[in-house]
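Shown next, in structure tokens, is the structure this report addresses.
The values are calculated or read from the model by the stated rules, or taken from the named source; none is laboratory data. Just so it is clear, the model here is predicted, and its values are computed rather than measured. Glycine gets a Cβ as well: all are built from the backbone with ideal geometry, and neighbour counts include every protein chain shown.
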Amino acid sequence: MIYLKTPSEVEKMRRSSQIIGSLLDSLEAIIKPGVNTLELDEYAEQFIRSRGGIPSFKGYQIPGLKPFPGSICASVNEAIVHGIPRRDLILQEGDIIGIDVGVLLDGYHGDAARSYRVGKVSMAAEKLLSITEKSLYIGIAAAIPGNRIGDISHAIGSFIAASGYFVADGLTGHGIGKSLHEEPQIPNIGRAGRGPRIAAGMTFAIEPMVNIGTNHVVEQGWEFKVADNTLSAHYEHTILVTDGEPEILSAAPKAALHEEKHI
Ligand code: MG
């Protein structure tokens, strides 16, 4: 069943999700050649805990694997998602890295991800990132009352295909709230007009994972990689369906000064 959130539940999700938005913004200045992904993980854990949050991913369990050790997933180049932070994975000029973060605060989760450029990247990488990011916002725009989940999937998937890229097989977005992963699943490819109907009060983590060379994926422990080792990008927001435009919950809060100007 898809849970509709009350305004007070939404406010809790807004606060957990905003921590992620702020963290992802602050990583822009930290991600550079020579930094290893365990350093990024340590920075993120401190950032989250100092704001009262708990990293949702740390200790996350799925059958057959050791609990996830990181506070973030750090997925470099051909890694799609769920990369384990490592001291010996040192970022190089021209790499791309997807950082995925979950935060639990006051009983409610937020979940968001962003792909970053390490120094100057190739034109091919630049284009992949910009198309993948754009597909996220195209998907979010379809999360309106009266539409169905398939409309989000179709919006993302058709844009990616028309752009000449590939949606990673089997990896989907999801509902989110008291649990990190709630119904419904939100595939990044699908048929318009299919699936559960979308209603105000639903909260979704929409997350296109897009590859250059193929939709095929290979699982190596936690990590999913592109089967042909081409690059992959990942962008994700936690959003609220409203009666109007969807609200992005996992954006950094606007500066108080900025808001005062509009009173
Ligand atoms: Mg997610």
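Condition check ((1) of a type outside the set (Ser, Thr, Tyr); (2) more than 15 Å from the chain's Cα centre (by Cα)) across all residues:
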site	(1), (2)
95	yes, yes
100	yes, no
116	no, no
172	no, no
186	yes, no
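Considering segment 57-110, the qualifying strands (runs of 3 or more DSSP E), each wholly inside and each with 3 or more residues that are at pLDDT 95 or above and buried (at least 24 other Cβ atoms within 10 Å of the Cβ), run over 72-76, 96-105. For segment 197-211, check the following and say yes or no: at least one residue is within 11 Å of the ligand (Cβ to nearest atom) and either at pLDDT below 95 or among the β-branched types (Val, Ile, Thr) (or both). Looking through segment 197-211, at least one residue is within 11 Å of the ligand (Cβ to nearest atom) and either at pLDDT below 95 or among the β-branched types (Val, Ile, Thr) (or both).
Residues that are β-branched (Val, Ile, Thr) and within 15 Å of residue 111 (Cα to Cα) within segment 165-210 comprise 172, 176, 186, 203, 206, listed in sequence order. Restricting attention to segment 190-214, the residues being at negative phi, part of a loop (DSSP other than H, G, I, E, B) and surrounded by fewer than 19 Cβ atoms within 10 Å (Cβ to Cβ) number 8.
Can you confirm whether residue 156 is within 15 Å of the ligand (Cβ to nearest atom), within 12 Å of residue 132 (Cα to Cα) and not in a strand (DSSP E or B)? Judged against the criteria, residue 156 is a match.
If you go through segment 224-245 and pick out every residue that is away from the ligand (no atom under 16 Å from the Cβ) and assigned to a loop (DSSP other than H, G, I, E, B), you end up with 10. Restricting segment 124-138 to residues that are in contact (Cβ under 8 Å) with a residue 60 or more places away in the chain and hydroxyl-bearing (Ser, Thr, Tyr), the residue that is nearest to residue 155 (Cα to Cα) is 135. For segment 86-104, the set of residues classified as over 26 Å from residue 135 (Cβ atoms) and away from the ligand (no atom under 16 Å from the Cβ) consists of 86, 87, 88, 89, 90, 92, 93, listed by residue number. Candidates 164, 146, 119: the one that is in a loop (DSSP other than H, G, I, E, B), more than 16 Å from the ligand (Cβ to nearest atom), at positive phi and without any contact (Cβ under 8 Å) to a residue 24 or more places away in the chain is 164. Mind checking whether some residue in segment 12-28 is under 15 Å from residue 250 (Cα atoms), free of Cβ contacts under 8 Å to residues at least 12 places away in the same chain and part of a helix (DSSP H, G or I)? No. When residue 128 is tested against (1) among the hydrophobic types (A, V, I, L, M, F, W, C); (2) in contact with an Asp or Glu (Cβ under 9 Å, 6 or more places away or on another chain); (3) more than 16 Å from the ligand (Cβ to nearest atom), exactly one condition is not met: (2). Please work out if residue 38 is surrounded by 15 or more Cβ atoms within 10 Å (Cβ to Cβ), closer than 16 Å to residue 87 by Cβ, touching a residue at least 40 places away in the same chain (Cβ under 8 Å) and hydrophobic (A, V, I, L, M, F, W, C). Considered against the rule, which asks whether it is surrounded by 15 or more Cβ atoms within 10 Å (Cβ to Cβ), closer than 16 Å to residue 87 by Cβ, touching a residue at least 40 places away in the same chain (Cβ under 8 Å) and hydrophobic (A, V, I, L, M, F, W, C), residue 38 comes out as yes.
Among the conditions (1) closer than 22 Å to residue 203 by Cα; (2) within 16 Å of the ligand (Cβ to nearest atom), the only one that residue 141 does not satisfy is (2).
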